[in-house]
Amino acid sequence: MELKVSVNDEIKNRDIVIVGQQPWDTEIGSNCKNLALEFSKNNRVLYVNSALDRITMLTHKADPKVQKRLAVIRGKENGLAAIQQNLWNLYPNVVIESINKVKIRPLFDILNKRNNKLFAGSIQNAIEELGFENVILFNDNDIFRSFYLKELLHPSISIYYSRDFMLGVDYWKYHGEKLEPALIAKSDLCVANSTYLANYCKQYNPNSWYVGQGCDLEMFSARQDKSPPADMVAIPHPIIGYVGALQSIRLDIGLLIYIAHQRPEWNLVLVGPEDESFKISKLHELKNVHFLGSKAPIELPAYINAFDVCLNPQIVNEVTIGNYPRKIDEYLAMGKPVVATATEAMSIFSEQVYLTTSKEDYVRFIEKALKEDNDTLRGSRKRLALSHTWENSVKEIYKAINQVIG
């Protein structure tokens with residue numbers, strides 16, 4: 001599904017406050033950081049790091065990131081820093097309590113409201129220092145620490161951004177099963193990066209939209225070097241490949257064993273770090289399965305380029321069913337045929353990806369992909385992937401905002 005937006009969907013010269021789970025100084029990529037950069041092209045944006053919690057302060061005190069936050073809390077450093085034009089980062093000057101293990105819900109709510117007040121006070125000070133007015137509050141899946149921010153900060157519009165099914169993770173499940181639906185319901189609108197999550201939000205708030213997923217695909221779409229990596233030179237074709245973390249909670253080990261057994265002439269190449277279940281699996285006993293280990297992100301296009309067919313062999317569970325797998329766009333941006341497990345979130349790829357619900361169809365579709373791949377199909381795959389930009393996703397968010405405030 002290609003996102004189609006117009007210039008009329010833009011929002012300009014607004015003040016946006018972003019809260020979420022990933023601080024700006026995290027090493028890994030983040031949807032929310034990409035969105036902040038895109039928002040800041042035409043608006044002023046304050047990106048708020050999560051507040052330091054007491055357990056992290058005590059157990060990771062030597063961590064430079066914790067030391068930075070403690071320096072801000074002690075008044076030795078300014079917690080508000082400019083990242084670039086129109087974009088600031090806030091290190092909150094407060095310590096909040098670690099309360100997730102409190103199972104008595106009324107007590108949790110009291111402590112959580114206190115945490116929210118401390119957090120909101122730090123944000124309000126930064127809002128006043130920057131001269132922000134009539135702010136748009138954008139909450140990236142922060143269920144607990146930001147639950148009361150709408151009431152405490154009084155934004156002109158509050159937005160809840162759903163990009164993962166949080167209740168599928170044990171940490172969020174107990175208190176989240178009560179708080180997330182309530183947070184979704186009281187937000188002015190909800191936006192989601194998958195159709196599954198948009199429909200999930202719509203159960204509690206009719207103002208819920210699918211806004212697509214942005215991807216940084218330049219290094220995949222622009223790849224010119226066609227030579228395979230050194231550790232793939234000796235692997236015969238056809239090569240059926242996967243790149244990404246090899247986690248049994250997300251991927252079907254039994255399915256991979258089945259494919260390898262059914263077609264011993266195919267070589268399965270798995271690129272990425274393994275969890276314990278993968279390390280002890282029977283896949284390591286199969287001669288046509290190759291584990292190549294972790295690779296730097298910049299190396300991944302070379303591996304994908306060497307695959308004849310790319311896989312996303314997901315298990316369907318609470319963690320994966322609503323997940324938007326960005327690796328699909330990476331595969332398609334290189335024109336590769338893709339065979340993947342069918343989920344509601346994957347439905348947007350239905351015209352360009354072979355979607356299957358059975359292990360037998362995996363084998364059948366891989367064979368089909370190998371036979372019918374051609375320049376026309378490769379071109380259409382690339383066009384779909386390259387329509388999934390952060391610019392288009394943000395314009396969909398703007399469209400949703402305009403519909404609510406219009």
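The values are calculated or read from the model by the stated rules, or taken from the named source; none is laboratory data. All values reported here derive from a predicted model rather than from experimental measurement. Neighbour counts are summed over all protein chains in view; Cβ atoms, including those assigned to glycine, are modelled from backbone coordinates with ideal geometry. Surface accessibility is based on the protein's heavy atoms, side chains included, excluding ligands, DNA and RNA. Shrake-Rupley method; radii C 1.70, N 1.55, O 1.52, S 1.80 Å.
Quick look at the numbers
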{"read-out": "Qualifying strands (runs of 3 or more DSSP E) (wholly inside region 221-318; at least 3 residues being surrounded by fewer than 21 Cβ atoms within 10 Å (Cβ to Cβ) and at pLDDT 95 or above)", "value": "289-293"}
{"read-out": "Search result, residues across region 110-141 that are of a type outside the set (G, A, S), surrounded by fewer than 16 Cβ atoms within 10 Å (Cβ to Cβ) and not in a helix (DSSP H, G or I)", "value": "E133, N134"}
{"read-out": "Residue satisfying condition, being outside any strand (DSSP E or B), of a type in the set (A, V, I, L, M) and within 30 Å of S380 (Cα to Cα), within set L35, L70, L107, L58", "value": "L35"}
{"read-out": "Residue satisfying all of: in region 71-83; in contact with a helix residue (DSSP H, G or I) (Cβ under 8 Å, 6 or more places away or on another chain) and open to solvent by 30 Å² or more (accessible area, probe 1.4 Å); farthest from N13 (Cα to Cα) among these", "value": "E77"}
{"read-out": "Hits in region 162-180 - residues which are among the hydroxyl-bearing types (S, T, Y) and either in a helix (DSSP H, G or I) or free of Cβ contacts under 8 Å to residues at least 12 places away in the same chain (or both)", "value": "Y171, Y174"}
{"read-out": "Residue match in region 346-353 (condition: in contact with a Phe, Trp or Tyr (Cβ under 9 Å, 6 or more places away or on another chain), in contact (Cβ under 8 Å) with a residue 24 or more places away in the chain, of a type outside the set (A, V, I, L, M) and under 30 Å from K226 (Cα atoms))", "value": "no"}
